[in-house]
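Quick notes on the structure that follows.
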Amino acid sequence: MSPLPASATCSFQSIQSLPFSYDPIGGAAATAAATMTISCDASSATAVTVTLDAGTHAGPAATPWRKLMNVADGETLNYNIYLDAAHATVWGDGTSGTGVESHAQTSGTFALTLYGLIPGGQSVAAGSYSDTVTATLTF
């Protein structure tokens, strides 16, 4: 009798925050990049898919914008997370025009890059703005 094939297990090893620095006085867009590291312990014919929700301050979809919220006064700042450095495809859950990240599952660790953009021209007060986006790993 031959042994059953090992089932794969994948997990997030680390997810960095997007290090935005936005200047509302200058009015220019702000970009940032961060890394997400995933580890799988066995290979399989399936793909690893990573989806992101719209965040805690946006509506049900990540389009057109996620929202960073000022913890002091509740003011919001539009931003989004993209699959590419050109900011062409919003990274979401695959609905409402968003895309998802999908890779062939391999054993070992691999990294994905998150590309963030705060569009320019937003007049907001200085302060600390934050959001929490949930990443889901499916394999």
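The values are calculated or read from the model by the stated rules, or taken from the named source; none is laboratory data. Quick caveat: nothing in here was measured; it's all calculated off a predicted structure. Cβ: placed from backbone, ideal geometry, glycine included. Neighbour counts: every protein chain shown.
Does Trp65 meet the test of being at pLDDT below 95, closer than 22 Å to Ala33 by Cβ and either out of contact with any Ser or Thr (no Cβ under 6 Å at 6 or more places or on another chain) or aromatic (Phe, Trp, Tyr) (or both)?
Yes: the conditions hold for Trp65.
For the range 20-115, which strands (runs of 3 or more DSSP E) that fit wholly inside it have 1 or more residues that are surrounded by fewer than 16 Cβ atoms within 10 Å (Cβ to Cβ), hydrophobic (A, V, I, L, M, F, W, C) and out of contact with any Pro (no Cβ under 6 Å at 6 or more places or on another chain)?
Of the strands (runs of 3 or more DSSP E) lying wholly inside the range 20-115, those with at least 1 residues that are surrounded by fewer than 16 Cβ atoms within 10 Å (Cβ to Cβ), hydrophobic (A, V, I, L, M, F, W, C) and out of contact with any Pro (no Cβ under 6 Å at 6 or more places or on another chain) span 30-40, 47-52, 101-104.
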